[in-house]
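The values are calculated or read from the model by the stated rules, or taken from the named source; none is laboratory data. Bear in mind that the values here come from a model prediction, so they are computed numbers and not experimental data. Backbone-built Cβ (ideal geometry, glycine too); neighbour counts: all protein chains shown. The accessibility values were calculated without ligands, DNA or RNA, using every heavy atom of the protein model including side chains. Shrake-Rupley method; radii C 1.70, N 1.55, O 1.52, S 1.80 Å.
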Amino acid sequence: MRESDFDTFSAYGEVIDNSVQAKATRIWIDFKTERVKGGYEQIKEVTFMDNGDGMDGNVIHRCLQLGYSSRFNDRTGIGRFGVGMTLGAIHECQRIDVYSKRAEDSKWLTTFIDLSKLSSTDAGEDIGISTPIERMPNHDNFKKLDSEKGTVVCWSKYDRQIETAAKIIEKTKEYIGRTFRKYIWNGVEIYVNGETVFAIDPLYVTTQSTRFPEDTPAEEVEPIIIEWPVPEGLAAGEEQTSKITIRLSLIPKFLRPNSGSGGAKEAKNRFIHKNQGISIMRHDREVFYGPIPYWPGNNDWFSEIDRWWGCEVNFHPVLDRAFTVKNIKRGAVPNKELKLAIYEQISPTVKGFLEKVREVWAENKLRKEKDDRDKLGTHETGHESAEEIVKQTPTDLTSTTVEDPKAAEQALLDRLNRERTKQEESAWVTKWRSQPFTIEEDSWKGREFLELKPLGGNDVLLYNSSHCFMNHLNEIIAELQAQEDGRSKDLAKKLKRLIDLVLISYTKAESKFTDEESSDLFEMLRMNWGQYLKSYLQKVENDD
C-alpha cells in the first residue's frame, strides 16, 4: 500500500486538507533535517500543526484507519474518501503520531501507527491501532499553536525521500501556495519552517497575499460557464446539472516583452516558466496543474508561448466522475467528452491571447532592431543576403514611378521610424537608394502580410510582422538558429533567404503593371492572399 499514486507534495496536501476542513486558521509544517554521509540533507521528521477544531477520542482512535473518515463520501467539502492522510503518510514514512484536542476537552489525546513494528510481528498476531492515551505533543514548536484546541501530526522514520531536503522544502512552499491559494486568500495562514507561504495564482489575476502584491493584475475575460450532467446516483432529480466555471487570463505585458521572457528572473520568481497548462480546482482546492493528457488541441498546445495565458477550471465534487478524481485527489483530469467541451469553449479566447502576445513581441523586436542599428550608425535590415542577390542579378528595371521620390521616402521614414536623428535618417535613405529592393519589417493590423512601397527607381518591401505567417516563419527560423549544430543555423539562413527571394520576385513582377487600375487590383489581391493564408494556417494549427 506504500506504492500508491501519491507523490511527496500531494501526501503533504492530504494533511493540510484535514486542517482546512477542521476550520484551522493557522497551519505550520516543520521539517527536522540532518546532514548525513556526503553532505546530503536527510529529512528526519515532518510535523504538521493546526489550530482547528480537533478530534474526540473516538475519531482520533480511527483517524489512522484506512477507509475511515468522519466525512466519508461527503461532497460538500474537499474531503471524501477516508484514505488520504494515512495513505499519503505511509507513502513517505513508517511512523505516524497524531495528537489532538477539542476546546471542550481537558486533555490532549494521542495514538500512532508504526509500519516497522507491523512488518516485524510474528505471523498470526493481531495488531491494531492503539487506544488513544493522554499526552501533550512534545514538538519543539508546539507552542506555535497557542490554542486550546488543534491537531498535531508527526511523520518520522522518513525513508522515501526523493531529493535533498532543501529542494523538497522549497517545492512544498510552491505546491501549497498554488494548491491552497483560495484558502490563503480567505485568511488561512500557512507556514513552512516558520516562513509564510505566499499564494501563487496561475491566472496572475489576484495579487493579494502573493510575493508580489504590487504587480499589475492579469487581463481576465468574462468567465465561461458549462452546465454538465450530474451522474446517475448523485443527481437529486432528472437532468440535474452542475456548473463548471472556467476563468481565462492574459499575463501583463511587462512580464512578456519578448519570446525569451519566460527564462527571465522576473518570470521565474513568479513561477511563470512553469505556467504551461491548466489548473483544475475541486471545490476551490487544486487537484491538477499542468498540460492535460490527450488534449484535443494540436501538439503546440501547452508549449512555451502558452505560459503567458492562464486557465482555471473549477467544479463541484458531484462531478468527480466527470473529472476522474482519484481517492488521493491527485492527477484528476476531465473525461474525453468534457475535455472536448472545455477545449471548444476556450480555444477562441486562447487564440486571441496568443495573437496579442505575438503582436507585442513583433513590436518590441522591431524596436530593438532599430536601437541596435542606431548604435552601429548604419541601417541593417536583417535581409541583406537576399537584397544582395537581387542587386547583383542583371534584370530589367520594373520599379513603379512616383511623382516625388523624396516625399515618398519621407512618408516611409515617418511610418517606420518616427524617432530618429538626421544621421539615422540619412543611413536609411542611403540604404534604400543603393539597391533595387530593400526589405523592411513593420507591424500593422490588417489582412496583408506584405506591402510594396515604390520610391521611384527603388522599391521597399514591407513585411507585416503581426501576420501569423510571419510569426510562424520567424519562430521556425529562431528555433533553427538556436540549435547547437552549424547545419541548423545554415538552414535557417537559407530558409530566410529563400522566402525573401520568393516575395521579392512576386513584388518585382507586380511592379511591371503600372496603371492605376492594376494598382487597385494588386492591392485587393494582396489582401485576399493574406486572408486566405491566415485561414489556412489556422486550419493547420487546429489539425496538427
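Here are the numbers for the structure shown:
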item: Residue match in segment 273-288 (condition: open to solvent by 10 Å² or more (accessible area, probe 1.4 Å), hydroxyl-bearing (S, T, Y) and touching a residue at least 24 places away in the same chain (Cβ under 8 Å)); result: no
item: Selection count where residues are more than 24 Å from D7 (Cα to Cα) and free of Cβ contacts under 8 Å to residues at least 60 places away in the same chain, scope segment 250-268; result: 12
item: Count of segment 369-385 residues which are modelled with pLDDT under 70, among the charged types (D, E, K, R) and more than 32 Å from the chain's Cα centre (by Cα); result: 3
item: Criterion: surrounded by fewer than 18 Cβ atoms within 10 Å (Cβ to Cβ), over 26 Å from L366 (Cβ atoms) and not small (G, A, S) - qualifying residue of D485, D490; result: D485
item: Per-region count, segment 216-253, residues crowded, with 17+ Cβ neighbours inside 10 Å and not in a strand (DSSP E or B); result: 3
item: Scan of segment 110-130 for residues that are open to solvent by 40 Å² or more (accessible area, probe 1.4 Å) and modelled with pLDDT of 90 or more, ordered by number; result: F112
item: Restricting segment 514-534 to residues that are within 31 Å of the chain's Cα centre (by Cα) and open to solvent by 50 Å² or more (accessible area, probe 1.4 Å), the residue that is farthest from N471 (Cα to Cα); result: Q531
item: Qualifying residues in segment 190-215 (those that are among the polar types (S, T, N, Q) and farther than 23 Å from I246 by Cβ) - the one surrounded by the most Cβ atoms within 10 Å (Cβ to Cβ); result: S209
item: Test: residue in segment 257-271 that is more than 19 Å from P334 (Cβ to Cβ), modelled with pLDDT of 95 or more, among the polar types (S, T, N, Q) and not in a helix (DSSP H, G or I); result: no
item: Selection status of I169, surrounded by 22 or more Cβ atoms within 10 Å (Cβ to Cβ) and modelled with pLDDT of 95 or more; result: no
item: Leading residue by the ranking (modelled with the lowest pLDDT) among those in segment 136-147 that are over 40 Å from the mean Cα position of the chain (by Cα) and loosely packed, with under 13 Cβ neighbours inside 10 Å; result: N138
item: Exclusive hit being β-branched (V, I, T), over 26 Å from F9 (Cβ atoms) and either touching a helix residue (DSSP H, G or I) at 6+ places or on another chain (Cβ under 9 Å) or modelled with pLDDT of 90 or more (or both), set I162, I96, I133; result: I133
item: Flag if L366 is open to solvent by less than 60 Å² (accessible area, probe 1.4 Å), in contact with a Lys or Arg (Cβ under 6 Å, 6 or more places away or on another chain) and either modelled with pLDDT under 85 or closer than 16 Å to W432 by Cα (or both); result: no
item: Selected residue (only one of K167, K182, K157 is on the phi > 0 side of the Ramachandran plot and not in a loop (DSSP other than H, G, I, E, B)); result: K157
item: Selected residue (criterion: modelled with the highest pLDDT) from residues of segment 402-419 that are surrounded by 10 or more Cβ atoms within 10 Å (Cβ to Cβ) and outside any helix (DSSP H, G or I); result: D404
item: Answer from K422, K453, K431 - the residue that is basic (K, R), modelled with pLDDT of 85 or more, open to solvent by 20 Å² or more (accessible area, probe 1.4 Å) and out of contact with any Leu (no Cβ under 9 Å at 6 or more places or on another chain); result: K431
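Table: residues versus (1) within 20 Å of R178 (Cβ to Cβ); (2) among the aromatic types (F, W, Y); (3) open to solvent by less than 40 Å² (accessible area, probe 1.4 Å).
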| residue | (1), (2), (3) |
| --- | --- |
| N18 | yes, no, no |
| A22 | no, no, yes |
| I27 | yes, no, yes |
| F31 | yes, yes, yes |
| Q42 | no, no, no |
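Yes/no per residue for (1) in contact (Cβ under 8 Å) with a residue 12 or more places away in the chain; (2) closer than 30 Å to L537 by Cβ; (3) acidic (D, E):
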| position | (1), (2), (3) |
| --- | --- |
| P394 | no, no, no |
| L413 | yes, no, no |
| E425 | yes, no, yes |
| T438 | yes, yes, no |
| L450 | yes, yes, no |
| L462 | yes, yes, no |
| K494 | no, yes, no |
